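Following: one structure in structure tokens, then a few remarks.
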Amino acid sequence: MTTSSAAENRTEDHAGHEHAGHHRAADPAGFFEPASWEERYAGDGSHWSGSPNPQLVAEASALTPGTALDIGCGEGADVIWLARHGWTATGLDFSANGLARAARHAAAAGVGDRVSWQQADARTFTADGPGVDLVTSHYLHPSAGRMPEVIERLARAVAPGGHLLVVGHAPTADHPAPTGAHERAMFRAEELLDAVPEDFAVIVAEQRPRTSVREGRTITMEDSVLLLRREA
Ligand SMILES: C[S@@+](CC[C@H](N)C(=O)[O-])C[C@H]1O[C@@H](n2cnc3c(N)ncnc32)[C@H](O)[C@@H]1O
């Protein structure tokens, strides 16, 4: 199956891999930190394709729309897709430039009045209020293997009966981690299971292959997909 990804028109993917050559480089200083993302999102252009991520479309299409929170929303393509499909959606990112782009894209898509934005760091984010029906996160990849800890935080933002969908890159032969820092930021779904709170059921924990064309070459990637449902 061939699917498109939000990063398809880039030579850099969501985990920040440059695909020219696969040699192991030195750890990039600050690569996963806010200043680095602010720089990537500076100006008016688009870093990603604007298409929603395929695992979001696959999983959220089966759910009854309600409130949603997209963590690491970047330029907002998934928030826009959620709004277009009846969700009341908020996009959260630590990059002000990314959020500004997301707001512009949402306005251009005609859903600006149905979405909201929040600037926060997922590593320190604390949910308040009654929780939302769907928390999603695609390719957040916090540094130093901090995804399990982030999952515990995101789970607290899910309302009883709601869902948490986490998607990231797993390393594959076609898609290896170029540095040790990238390797620690990538994950397989099963590595996240210890972080699942007791009142959540695991609906999906698997890798799903996805093809992408990079520099004229079709490569096979794997999305790590974790879908949880909180007890009602
Ligand atoms: C690879 S991009 C993915 C963007 C979007 N989810 C998509 O799939 O196109 C990762 C995004 O997560 C944001 N991000 C990374 N670490 C974060 C953190 N600790 N807290 C909040 N946002 C973060 C970055 O600013 C960036 O927008």
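The values are calculated or read from the model by the stated rules, or taken from the named source; none is laboratory data. Quick caveat: nothing in here was measured; it's all calculated off a predicted structure. Using ideal geometry, Cβ is built from the backbone for each residue, glycine included, and neighbour counts are taken over all protein chains shown. The protein model used for the area step is the full one, side chains on, heavy atoms only, and it has no ligands, DNA or RNA in it. Shrake-Rupley method; radii C 1.70, N 1.55, O 1.52, S 1.80 Å.
Once you keep just the Cα pairs under 8 angstrom separated by 6 or more residues, what percentage relative contact order results for the range 18-230? Display every interim value, and only then the final one.
On the way: 425 pairs, mean separation 39.5, N = 213.
Value for the range 18-230: 19 percent.
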Inset, instruction - Would you kindly compute the Cα radius of gyration of the range 89-208 and its largest Cα-Cα separation (Dmax), both in Å? - result: 15.5, 43
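Between ARG84 and ALA232, what length in nm is gained on full extension when 0.36 nm per residue of separation is reduced by their alpha carbon distance?
Working: separation 148, 0.36 × 148 = 53.28 nm, distance 2.62 nm.
Full extension of this stretch gives 50.7 nm more.
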Legend entry - Computed [θ] at 222 nm, deg cm²/dmol, the chain (DSSP H ≥ 4; -39,500 (n - 2.57); rounded to nearest 500): -6000 deg cm²/dmol
Inset, instruction - Once you have the Cα-Cα distance between GLU215 and ARG123, take 0.36 nm times their residue separation minus that, and quote the gain in nm to one decimal. - result: 29.8 nm
Inset, instruction - Could you size up the charge dipole of the chain around its Cα centre, putting +1 on the beta carbon of Lys and Arg and -1 on that of Asp and Glu, and report it in debye to the nearest 20? - result: 380
Legend entry - Cβ crowding within 10 Å averaged over residues, with 98-104, 205-211, 133-139 ranked highest first: 133-139, 98-104, 205-211
Legend entry - Long-range Cα-Cα pairs in the chain (distance over 28 Å), rounded percent: 24
Legend entry - the chain: DSSP helices with Cα axial extent of at least 15 Å and average Kyte-Doolittle hydropathy no lower than 0.0: 96-108
Legend entry - Surface per residue (accessible, 1.4 Å probe) for the chain, Å²: 43
Inset, instruction - Can you send over the solvent-accessible area of ASP93, 1.4 Å probe, protein chains only, in Å² to the nearest 10? - result: 10
Inset, instruction - Could you tell me the distance between the Cα centroids of the range 92-144 and the range 146-175, to the nearest Å? - result: 15
Inset, instruction - May I ask you to evaluate 6.51 cos²θ - 1.76 cosθ + 1.60, the Karplus curve with θ = phi - 60°, for each residue of the range 158-175 and list the ³J(HN,Hα) values in order in whole Hz, giving x for glycine and proline? - result: 8, 6, x, x, x, 10, 10, 10, 10, 10, x, 8, 9, x, 9, 4, 6, 9
